[in-house]
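Below is one structure, written out as structure tokens, with a few remarks after it.
Please treat every number below as a calculation from the coordinates, not as lab data. Keep in mind that this is a model prediction, so the values were computed, not measured. FYI the Cβ positions are ideal-geometry reconstructions off the backbone, even for glycines, and counts take in every protein chain you see.
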Amino acid sequence: LNIVKKYGLEVDPDAKIEDISVGMQQRIEILKALYRGADLLILDEPTAVLTPQEIQDLIGIMHNLIADGKTIIIITHKLKEIKESSDVCTIIRRGKYIDTVNVKEVTREDLATMMVGHAVKLIVDKETAKPDEVVFEIDNLTVKDERKLDAVKDLSLKVRKGEIVGIAGIDGNGQKELIEAITCLAKSEKGTIKINGVEIQNTTVENVIKNKVSTIHEDRQKRGLVLDFSVAENMVIEKYKSEPYCKNGLLVKDKIMAHTKELINQYDIRPDNCESSPIRGLSGGNQQKVIIAREVYNDPDLLIAVQPTRGLDVGAIEYVHKTLIRERDKGKAVLLISLELDEVMNVSDTIAVISEGTIVGTFKQGEVDENTIGLLMAGGKHSEDSSKNS
């Protein structure tokens with residue numbers, strides 16, 4: 001109890017872990033470490049799945065711990081949180097030490113430049129969206145999770161040509177089951193999913209791809225890649241039966257290799273000349289670039305991007321965001337699902353908030369602030385009827 005009061009780590013001691021928020025779970029992990037007498041705490045990406053309010057609470061707790069003489073090492077790629085939480089920052093790039101700086105003496109832009117090696121724009125430049133007709137529509141969708149409980153509940157959503165719709169939510173609020181239903185990796189219980197007016201729910205993955213839906217999955221190694229295949233084989237894994245990569249039932253290897261080399265150069269996939277290498281040997285970030293290159297090249301009518309910048313440095317993040325906006329400007333419909341609220345608010349034209357498996361508010365970019373979105377993500381209510389913006 002003394003530790004709880006001293007550091008502002010209030011928790012409900014009678015609550016079950018499975019029933020409390022991720023932010024509260026983190027408090028308990030910190031309490032466990034302090035109870036064991038730890039003077040040094042190492043926090044690895046501690047804010048990855050927290051709401052804005054929970055992030056501010058955690059930073060407050062960190063400052064309380066520091067004031068009491070504790071030492072904290074925080075490992076994060078979030079520049080805003082480095083500025084708010086840290087006194088000193090050490091920058092590492094490609095596994096090498098770059099510099100150690102006093103956080104108060106540098107800007108976020110300075111940190112980004114040191115992390116990447118060149119100047120980076122942290123706010124994406126983009127023209128105002130010019131949405132056209134509806135390309136993708138979900139109506140009253142219900143999907144069960146592995147426990148046979150409703151994870152997606154009567155969810156409805158529309159995405160138009162030339163528009164990025166971002167879904168903001170805390171992890172575990174139906175995002176996984178929603179994507180699995182759209183891509184036919186899971187069965188929906190009721191409702192419809194339409195692309196260009198064609199129903200695709202409860203069909204096959206191949207049918208979804210044929211209807212011009214491309215997906216950047218959250219779990220790149222489980223859903224996006226065959227790790228024992230080469231980079232080139234993964235690059236054409238959805239097109240290997242089609243010309244020019246296949247002729248008379250045989251793979252045309254020179255066409256596959258030329259295509260892969262072009263995308264390796266375009267997307268700065270490292271190491272150079274890795275087209276024949278097993279893709280499991282690439283870093284997570286470069287594996288992600290292979291998936292993004294492949295899915296964008298497929299020229300979809302709907303591009304679904306789930307956590308598309310996970311594991312990428314700020315330079316690669318900038319490139320991915322520009323890619324999504326470029327696809328939007330070409331008239332594509334883009335559905336972005338991310339646990340990074342900054343990413344959703346920065347890149348999206350329309351922001352839909354998901355909580356407990358349903359959309360609880362929809363806003364145009366600029367109509368709402370982070371705190372309101374965070375409140376809705378956590379199950380709170382908006383003071384105005386957010387449905388009017390749907």
Mind checking the full-extension length gain between residue 110 and residue 227? Use 0.36 nm per residue of separation minus the Cα-Cα distance, one decimal, nm. 38.5 nm
So for each of 73-85, 9-21, 281-293 I average, over its residues, the number of other beta carbons within 10 Å; can you give me the resulting order with the highest mean first? 281-293, 73-85, 9-21
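So for the stretch 1-76, averaging the separation of alpha carbon pairs under 8 Å that are six or more residues apart and normalising by length, what relative contact order in percent results? Don't skip to the answer; put the middle values down first.
Numbers: 58 pairs, mean separation 27.8, N = 76.
Reported as a whole number, the value is 37 percent.
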Enumerate the calculated ³J(HN,Hα) couplings along the stretch 3-12 in order (Karplus 6.51 cos²θ - 1.76 cosθ + 1.60, θ = phi - 60°), each rounded to whole Hz, writing x wherever the residue is Gly or Pro. 5, 4, 5, 4, 10, x, 9, 4, 9, 8
Size of electric dipole in the chain: Cβ of Lys, Arg +1 and of Asp, Glu -1, about Cα centre, debye, nearest 20: 980 debye
Testing the spin-label approximation: label points 7 Å from Cα along Cα→Cβ at residue 83 and residue 140. State their distance in nm. 4.7 nm
At 7 Å along the Cα-to-beta-carbon direction for both residue 29 and residue 17, put a label point, then send me their distance in nm to one decimal. 1.1 nm
Residue by residue through the stretch 221-236, which ³J(HN,Hα) values in whole Hz follow from phi under the Karplus form 6.51 cos²θ - 1.76 cosθ + 1.60 (θ = phi - 60°), with glycine and proline marked x? 7, 8, 10, x, 9, 10, 5, 7, 7, 6, 4, 4, 5, 5, 5, 10
Here the stretch 117-131 yields Karplus 3J(HN,Hα) values (6.51, -1.76, 1.60; θ = phi - 60°; whole Hz; Gly and Pro given as x) of x, 7, 5, 10, 8, 7, 9, 6, 7, 7, 6, 5, 5, 10, x
Checking the table 80/222; 148/176; 158/212; 241/289; 144/222; 16/187 against a 25 Å threshold on Cα-Cα, which pairs fail? 80/222; 16/187
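Multiply the residue gap between residue 237 and residue 38 by 0.36 nm, knock off their C-alpha separation, and tell me the result in nm, one decimal place.
Working: separation 199, 0.36 × 199 = 71.64 nm, distance 4.88 nm.
Once the chain is fully extended between residue 237 and residue 38, it gains 66.8 nm.
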Packing-ranked peptide list from 151-157, 176-182, highest mean Cβ count within 10 angstrom first, is 176-182, 151-157
Inter-label distance for residue 255 and residue 202, nm, one decimal - labels placed 7 Å from Cα along Cα-to-Cβ: 3.8 nm
Tell me, how many Å apart are the Cα centres for the stretch 336-379 and for the stretch 60-131? 23 Å
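Rounded to the nearest 0.05, what FRET efficiency is calculated for residue 101 and residue 248 with R0 set to 45 Å and r the Cβ-Cβ distance? Can you show the working numbers first?
Details: r = 60 Å, r/R0 = 1.34.
FRET efficiency, residue 101 to residue 248: 0.15.
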Helix 52-67 sits off the longest principal axis of the Cα atoms of the chain, rounded to the nearest 10 on a 0 to 90 degree scale, by 40 degrees
